[in-house]
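Undergrad: The structure follows.
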Amino acid sequence: MKSIVIGSDHAGFKLKEIVVKQLKEHNLDVLDLGCNSEESVDYPDHAHPVAQLVNDGQKDLGILICGSGNGVNMAANKHPNVRSALSWTPEIAILARAHNDANILALPARFIDTDLAKNIVDAFLSTPFEGGRHERRVNKI
């Protein structure tokens, strides 16, 4: 069973709640680090704790959500063992996992609908890293 940590800012709060429910329906181990409402918060305050747990190997994968996905993605990628990928289609999420061994998915809540977000999450979680020539490239990161 994969262990997942998730976090968002206020712009991603509603979508985060939907994704948490989706993950629990798949019987995944989910740790929700907030935020817990639509009250304004600073995205790094939620992105860094999520990224740290993935960075340290305490959680297998992470999901971060903010308005554009950019802020949480940038914050997460400051951690040396994190490869966070901003994905707005399932195909991008698949390539991020298969070719880049992405371990955090960043979602742009203001630019994707709920059904698309669920499909992106499913694609991210179900795709393994291909290794091979991609491993050499990932190691150069």
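Undergrad: Given the conditions (1) surrounded by 15 or more Cβ atoms within 10 Å (Cβ to Cβ); (2) assigned to a helix (DSSP H, G or I), which single one is not true for Ala106?
TA: Failing condition for Ala106: (2).
Undergrad: Do we have Phe111 as farther than 23 Å from Cys66 by Cβ and aromatic (Phe, Trp, Tyr) here?
TA: Details: farther than 23 Å from Cys66 by Cβ: no; aromatic (Phe, Trp, Tyr): yes.
Considered against the rule, which asks whether it is farther than 23 Å from Cys66 by Cβ and aromatic (Phe, Trp, Tyr), Phe111 comes out as no.
Undergrad: A further question follows. Would you confirm, using the coordinates I've provided, whether Val5 is over 14 Å from Asn103 (Cβ atoms) and crowded, with 17+ Cβ neighbours inside 10 Å? Lay out the reasoning, then the answer.
TA: Values: over 14 Å from Asn103 (Cβ atoms): no; crowded, with 17+ Cβ neighbours inside 10 Å: yes.
Here the answer is no, as Val5 does not meet what is asked.
Undergrad: With the requirement that a residue be touching a residue at least 60 places away in the same chain (Cβ under 8 Å) and of a type outside the set (Val, Ile, Thr), what does segment 53-92 give you?
TA: Result: Leu61, Gly71.
Undergrad: A follow-up question, please. Among the residues of segment 53-66, what is the count of those that are surrounded by fewer than 18 Cβ atoms within 10 Å (Cβ to Cβ) and in contact with a strand residue (DSSP E or B) (Cβ under 9 Å, 6 or more places away or on another chain)?
TA: Here is the first cut: in segment 53-66, the ones surrounded by fewer than 18 Cβ atoms within 10 Å (Cβ to Cβ) are 56-58, 60.
Checking the rest, the ones that are also in contact with a strand residue (DSSP E or B) (Cβ under 9 Å, 6 or more places away or on another chain) come to 58, 60.
Adding up the residues that qualify gives 2.
Undergrad: Let me ask another. On the basis of being without any contact (Cβ under 8 Å) to a residue 40 or more places away in the chain, buried (at least 16 other Cβ atoms within 10 Å of the Cβ) and assigned to a helix (DSSP H, G or I), does Leu95 make the cut?
TA: Numbers: without any contact (Cβ under 8 Å) to a residue 40 or more places away in the chain: yes; buried (at least 16 other Cβ atoms within 10 Å of the Cβ): yes; assigned to a helix (DSSP H, G or I): yes.
Yes: the conditions hold for Leu95.
Undergrad: Can you pull out the residues in segment 109-141 that are more than 19 Å from Asn73 (Cα to Cα), among the β-branched types (Val, Ile, Thr) and surrounded by 15 or more Cβ atoms within 10 Å (Cβ to Cβ)?
TA: Hit for segment 109-141 is Thr127, nothing else.
Undergrad: Here is a further query. Restricting to segment 69-82, what's the tally of residues that are surrounded by 18 or more Cβ atoms within 10 Å (Cβ to Cβ) and either more than 11 Å from Ala102 (Cα to Cα) or not polar (S, T, N, Q) (or both)? Working first, answer last.
TA: Step one: filter segment 69-82 for residues surrounded by 18 or more Cβ atoms within 10 Å (Cβ to Cβ), giving 69, 71-73, 75-77, 79, 82.
Narrowing the set further to residues that are either more than 11 Å from Ala102 (Cα to Cα) or not polar (S, T, N, Q) (or both) leaves 69, 71-73, 75-76, 79, 82.
Count: 8.
Undergrad: Continuing with the same structure: Just name the residue that is farthest from the chain's Cα centre (by Cα) out of those in segment 12-46 that are among the aliphatic types (A, V, I, L, M) and outside any helix (DSSP H, G or I).
TA: First, the residues of segment 12-46 that are among the aliphatic types (A, V, I, L, M): 15, 18-20, 23, 28, 30-31, 33, 41.
After this cut, where a residue has to be outside any helix (DSSP H, G or I) as well, the list is 28, 30-31, 33, 41.
Values: Leu28: 14, Val30: 12, Leu31: 12, Leu33: 12, Val41: 18 Å.
Out of the qualifying residues, it is Val41.
Undergrad: I'd like to verify a number: residues in segment 88-106 that are within 21 Å of Gln52 (Cβ to Cβ) and either modelled with pLDDT under 95 or not hydrophobic (A, V, I, L, M, F, W, C) (or both), how many?
TA: Within segment 88-106, residues that are within 21 Å of Gln52 (Cβ to Cβ) and either modelled with pLDDT under 95 or not hydrophobic (A, V, I, L, M, F, W, C) (or both) number 4.
The values are calculated or read from the model by the stated rules, or taken from the named source; none is laboratory data. What you are looking at is a predicted structure, and each value in this text was computed from that prediction instead of being measured. Backbone-built Cβ (ideal geometry, glycine too); neighbour counts: all protein chains shown.
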